[in-house]
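Quick notes on the structure that follows.
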Amino acid sequence: MPAPASISMSLLRAVSPLSHAADSAFESDDAKIEARHFRLQAAMSVDEVIAMVPADYRHVLRSPLLGVAANATKLAAAETTLAKWEGHKVAGTYPPHLQQKAPEVQVTKGYKESDEGLAALAAFTKQHAAYMASALESSIRAKRDDVGFLKRALQPEPLYEELGPLIEARTVELTAKTKLPTFAKDPVSGELRHSGYKNNESVAALGHEVQTDCLVYAFRIISIIDARDFSVQAKEKQKKELHAAADVEMADATKAGPSIQSMIDSAISARFKKLDKSSKKDKKDGRKAASSSKKSAKNENLPYVPPPARKARVKGTKPKADKPTKNSGKDKKGKGKGKA
């Protein structure tokens with residue numbers, strides 16, 4: 001039984017004592033039955049349907065009703081699979097369980113390229129294609145039989161054959177456990193004395209109601225499962241349509257003009273060219289800076305010398321003194337007439 005928080009308000013109204021007391025307002029039994037069945041339609045899940053079964057019969061019918069839900073779920077899945085396989089047959093494709101390649105026969109290259117070898121390989125491929133088509137047809141036939149089997153299991157006759165005996169056995173058990181005492185008046189003293197036991201008529205009436213409603217429980221569960229499967233199929237169809245529309249829009253968007261990838265490649269190429277130019281410029285500037293730094297470092301290692309001495313030091317020679325000449329030390333005489 002689900003938690004109280006998960007029970008819908010419509011179900012609470014349906015199982016409330018006031019709703020059951022309202023049945024007494026109807027005069028005929030058919031009207032009472034119709035009112036009960038109408039309340040069962042308020043259940044929105046399998047657990048809610050089971051919660052609406054009378055407590056004395058709920059544990060007995062819980063497993064069979066869950067089995068009905070399981071068969072209904074299997075039937076919905078089998079019908080979906082059958083529709084997909086029939087679609088593969090029309091399209092000339094194969095479902096995943098038959099998705100396999102033709103076995104490769106190892107032959108020599110010369111035989112494979114000869115007319116005889118080509119004919120043999122073509123016949124082999126044709127036979128494999130015939131086998132795949134036959135396997136698909138057999139799969140569809142088996143799945144169709146499975147769908148028919150599940151549908152027959154959810155028909156009223158087999159459902160009542162499963163639920164009816166359980167309800168009858170439970171009614172007999174309750175009748176034996178809920179007997180009511182009977183009293184009779186003593187003819188002598190006039191007092192009421194216990195005289196025996198009788199069957200509880202309310203137990204028999206409740207058992208009759210459950211037998212009348214058991215198929216309604218099952219059919220409501222089947223309806224809930226069908227509605228859930230319909231909702232799932234509708235969502236999948238909507239997703240496929242949305243995906244197809246997106247593909248069409250994408251094809252229209254990329255039909256003319258350069259592609260996004262080409263635009264990205266162009267931008268990256270232009271960026272790399274700028275980086276190459278800047279790196280070359282940086283290398284050239286680096287070489288100039290290195291040469292100037294070397295010169296400055298060389299000059300920094302030399303001691304400071306005054307300009308004349310420094311110039312001689314750089315040339316690697318010492319300043320030369322004036323050499324004496326032949327006429328040095330002699331008086332210089334001017335030219336003139338000789339003495340007489």
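Where does the charge balance sit around Ile224 when Lys and Arg score +1, Asp and Glu -1, over other residues with C-beta under 14 Å from its C-beta?
-2
Based on other C-beta atoms within 10 Å, arrange Arg62, Arg39 from fewest to most.
Arg62, Arg39
Calculate, in nm to one decimal, what Phe272 and Ala122 gain on full extension: separation in residues at 0.36 nm each, minus their alpha carbon distance.
48.6 nm
Could you list, in their original order, any pairs among Lys84/Lys240; Lys74/Lys237; Lys74/Lys101; Lys89/Lys126; Lys101/Lys151 whose Cα atoms are separated by more than 24 Å?
Lys74/Lys101; Lys101/Lys151
Would you mind ranking Met52, Met132 so that the residue whose beta carbon has the fewest other beta carbons within 10 Å leads the list?
Ascending Cβ contact count within 10 Å gives the list Met132, Met52.
Under the Karplus relation 6.51 cos²θ - 1.76 cosθ + 1.60, θ = phi - 60°, what is the ordered set of whole-Hz ³J(HN,Hα) values for the range 112-117, x standing for Gly and Pro?
Once rounded to whole Hz, the list reads 5, 8, 7, 4, 5, x.
So what's the convex hull volume per residue for the Cα atoms of the range 53-251, in Å³?
Here the figure is 181 Å³ per residue.
Enumerate the calculated ³J(HN,Hα) couplings along the range 150-158 in order (Karplus 6.51 cos²θ - 1.76 cosθ + 1.60, θ = phi - 60°), each rounded to whole Hz, writing x wherever the residue is Gly or Pro.
Working through the residues one at a time gives 5, 5, 5, 5, 9, 7, x, 4, x Hz.
FYI, it's all coordinate maths here, none of it is from the lab. Worth saying up front: this structure is predicted, and the values here are computed from it rather than measured. No Cβ is skipped: glycine too gets one built from the backbone with ideal geometry, and neighbour counts run over all protein chains shown.
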